[in-house]
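J.: Please see the structure below; I have some questions.
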Amino acid sequence: MNHVKPMVYEAKTLYGISLKHSLKEDQTEHLVDAMKAYVKQYAEPNYLIQIYISDDFTENTDFITFVGSDQSGHSDLNVLNIPKGEYLVFEHLGDESEIDLTHAEIQQYLKSQPITVTSNFDFEKWEPSTGKIFVFIPLDTAVIEAPDTIDKVQLLDIP
């Protein structure tokens, strides 16, 4: 796979919202888009963290998505900390709507390498000024505690 490099990423504090859902729910209900719109009321969203609560992953498996910003927090937003560590960084090439394909390619790449991922998360860093998206896969063992989640009905009712 092209566009992959290892790097040490410094710890980062983010401010945003979390939602427990499946990939299929996101694809049919556009949940990440709704989360981005909610966070945008307070700050420009530039991170997406996926916290896996099961070792098995299918389109129907629940996981937690956190959408947030590294800009100053607001009382309506949760705090999540990305731990310092060594990460493999993949550049997503193409439209944001095709990011699920990149994640599938990353999983295939990881299976073909002598790499064992033992952390319960990965994350995306969005660069709105360039349109680039970088996907970070932790190489160190690290666990992110799941933050409080917003109710899906409540999220989708937000204008």
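No value in this document is a laboratory result; all are computed from the given coordinates. This is a predicted model, so every value here is computed, not measured. Every residue, glycine among them, receives a Cβ derived from its backbone with ideal geometry; neighbour counts consider all protein chains shown.
J.: If I fit a long axis through the Cα atoms of helix 99-111 and take the longest principal axis of the Cα atoms of the chain, what angle between them do I get, 0 to 90°, rounded to 10?
T.: Tilt of helix 99-111: around 30 degrees.
J.: Can you tally the net charge around residue 132? Count Lys and Arg as +1, Asp and Glu as -1, for every other residue whose Cβ sits under 11 Å from the Cβ of residue 132. Write out the running numbers ahead of the final one.
T.: On the way: positive: 125; negative: 91, 96, 124, 127.
After counting each charged neighbour, the total is -3.
J.: Answer with one residue from 155, 30, 117: the one whose Cα lies farthest towards the positive end of the charge dipole of region 4-157, charges on Cβ with Lys, Arg +1 and Asp, Glu -1.
T.: 117
J.: Next question, about the same structure. Please give me the summed charge of the neighbours of residue 151: other residues whose Cβ is under 15 Å from its Cβ, Lys and Arg +1, Asp and Glu -1.
T.: Details: positive: 20, 152; negative: 25, 29, 62, 76, 148, 157.
Once positives and negatives cancel, what remains is -4.
J.: Dipole magnitude of the chain about its Cα centre, charges +1 at Lys/Arg Cβ and -1 at Asp/Glu Cβ only, in debye to the nearest 20? Please report the intermediate quantities before stating the final value.
T.: On the way: 11 positive and 27 negative charges, 79 e Å.
In total the dipole reaches around 380 debye.
J.: Given a Förster radius of 41 Å and the C-beta distance between residue 86 and residue 157 as r, what FRET efficiency does 1/(1 + (r/R0)^6) yield to the nearest 0.05? Intermediate results must be reported in sequence, preceding the final value.
T.: Working: r = 41 Å, r/R0 = 0.99.
About 0.50, to the nearest 0.05.
J.: Tabulate in residue order the Karplus-calculated ³J(HN,Hα) for region 77-87, using 6.51 cos²θ - 1.76 cosθ + 1.60 with θ = phi - 60°, rounded to whole Hz; enter x for Gly and Pro.
T.: Those phi angles translate into 10, 7, 10, 9, 10, 8, x, 5, x, 8, 10 Hz.
J.: Would you please classify the overall shape of region 12-68 from the alpha carbon gyration tensor, given that a ≥ b ≥ c denote the square roots of the eigenvalues, rounded means a/c under 1.5, and beyond that prolate means a/b larger than b/c while oblate covers the rest? Write down the numbers at each step before the final one.
T.: On the way: a/c = 3.28, a/b = 1.56, b/c = 2.10.
Oblate shape, in that a/c is at least 1.5 and b/c is the bigger or equal ratio.
J.: Further question: For region 8-107: lysine pairs with Cα atoms under 23 Å, gap of 8 or more or different chains, count?
T.: Working: 12/20; 12/36; 12/40; 12/84; 20/36; 20/40; 24/36.
Qualifying lysine pairs in region 8-107: 7.
J.: Please give the calculated 222 nm ellipticity per residue for the chain, where each DSSP H segment of at least 4 residues contributes -39500 (n - 2.57) and the sum is spread over every residue; nearest 500 deg cm²/dmol?
T.: Values: 4 runs with 36 residues, N = 159.
Computed ellipticity for the chain at 222 nm equals -6500 deg cm²/dmol.
J.: Ok, one more. How do the peptides 27-38, 50-61 rank, highest first, by the average count of neighbouring beta carbon atoms within 10 Å per residue?
T.: 27-38, 50-61
J.: Computed from these coordinates, which is Rg and Dmax of the Cα atoms in Å: (1) 19.4, 70; (2) 16.0, 53; (3) 15.0, 46?
T.: Correct label is (3).
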